[in-house]
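Report on the following structure.
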Amino acid sequence: MTFALLMESLGIAPNASLHGYAIDSMLEMLHWFMLVLFVGWGSFYFYTLWRFQHKKSPKANYVGATSHLPTKLEGGVLVLEIVLLLAFAAPIWANRVDQFPTGPDVTHVRAVGQQFQWDLQYTGADGKFGRRELSMVTASNALGLDRSDPDAADDLTAINEMHLPVNRPCIIEVMSKDVIHDFCIPNMRVAQDALPGSVIPLWFIPIKTGTYDIVCAQLCGSNHSLMKGTLVVESETDYKKWFDETAKLSGATVVDGQPVAPASPAAVGLVATH
């Protein structure tokens with residue numbers, strides 16, 4: 001309860017991912033540590049103002065303090081910071097970058113930043129991303145997805161709206177089409193710079209259903225503040241229903257292993273502007 005009140009008072013979005021609890025615990029320790037430092041050094045500062053005021057020391061003493069206590073305190077602070085770094089921050093980071101989930105339960109998504117939107121691509125049942133061609137980029141095909149590629153036949157595309165099933169791991173490949181962006185979902189405790197020419201993965205497991213904000217956390221142009229998306233975490237049944245319906249509208253020719261009729265241009269445009 002103390003931790004929840006602390007996070008709420010700091011204005012931090014409530015956690016909705018499995019790994020977020022470890023990050024929040026570290027944030028709590030850091031903030032309590034900073035509070036102790038603030039009170040300690042602040043008290044020492046006011047003590048020195050009182051102790052060495054002109055009325056008590058009318059003649060300057062150029063020798064200064066002879067006690068080694070401040071040095072010992074600074075050394076203790078340094079040791080504590082090293083412990084926090086090595087015992088908490090480093091293991092959490094290693095888990096995020098070295099232990100990616102595998103298996104059929106993993107949802108794979110590409111998040112491609114461009115001024116000023118997030119273009120999303122999901123693999124279909126084959127678990128493979130389809131080929132993208134720069135020459136095929138149009139208003140209704142922002143990713144330039146080549147539907148003639150067998151791996152792309154069942155892929156889903158969307159703009160600014162991501163859906164994920166609850167309690168299942170997802171891997172998001174972050175990239176950019178123009179400038180540096182940052183794919184950030186505060187409630188999931190994930191953020192990753194989107195760099196032109198690079199594909200950088202991140203992963204998390206959403207554990208709470210609901211609707212969450214996707215933002216760009218890197219100043220990317222005049223309309224940076226408008227580069228927002230939505231993450232919907234839902235049950236497995238609702239996710240599958242959304243996936244199948246949206247895949248048909250986005251132009252997939254295979255949905256759930258079955259061929260479907262090509263979507264009309266109007267329907268594709270509707271998905272692109274959703």
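Return the residues of segment 17-37 that are in a helix (DSSP H, G or I), small (Gly, Ala, Ser) and open to solvent by less than 40 Å² (accessible area, probe 1.4 Å); say none if nothing qualifies. Scanning segment 17-37 gives a single hit, GLY20. Going through segment 51-81 one residue at a time, which ones are open to solvent by less than 80 Å² (accessible area, probe 1.4 Å) and of a type in the set (Val, Ile, Thr)? Across segment 51-81, the qualifying residue is only VAL77. If the condition is being in contact (Cβ under 8 Å) with a residue 60 or more places away in the chain and of a type outside the set (A, V, I, L, M), then segment 131-147 contributes SER140, ASN141, ARG147. Every condition in (1) touching a helix residue (DSSP H, G or I) at 6+ places or on another chain (Cβ under 6 Å); (2) closer than 20 Å to GLY20 by Cβ; (3) without any contact (Cβ under 8 Å) to a residue 60 or more places away in the chain holds for LYS128 except the one numbered (2).
Can you pull out the residues in segment 197-235 that are polar (S, T, N, Q), in a loop (DSSP other than H, G, I, E, B) and open to solvent by less than 60 Å² (accessible area, probe 1.4 Å)? Matches in segment 197-235: SER198, SER235.
Being at pLDDT below 90 and outside any strand (DSSP E or B) is a property that does not hold for ASP238.
The values are calculated or read from the model by the stated rules, or taken from the named source; none is laboratory data. Every value quoted in this text rests on a predicted model; they were computed, and no experiment measured them. All Cβ positions, glycine included, derive from the backbone under ideal geometry; neighbour counts span all protein chains shown. Only protein heavy atoms, including side chains, enter the accessible area calculation; ligands, DNA and RNA are left aside. Shrake-Rupley method; radii C 1.70, N 1.55, O 1.52, S 1.80 Å.
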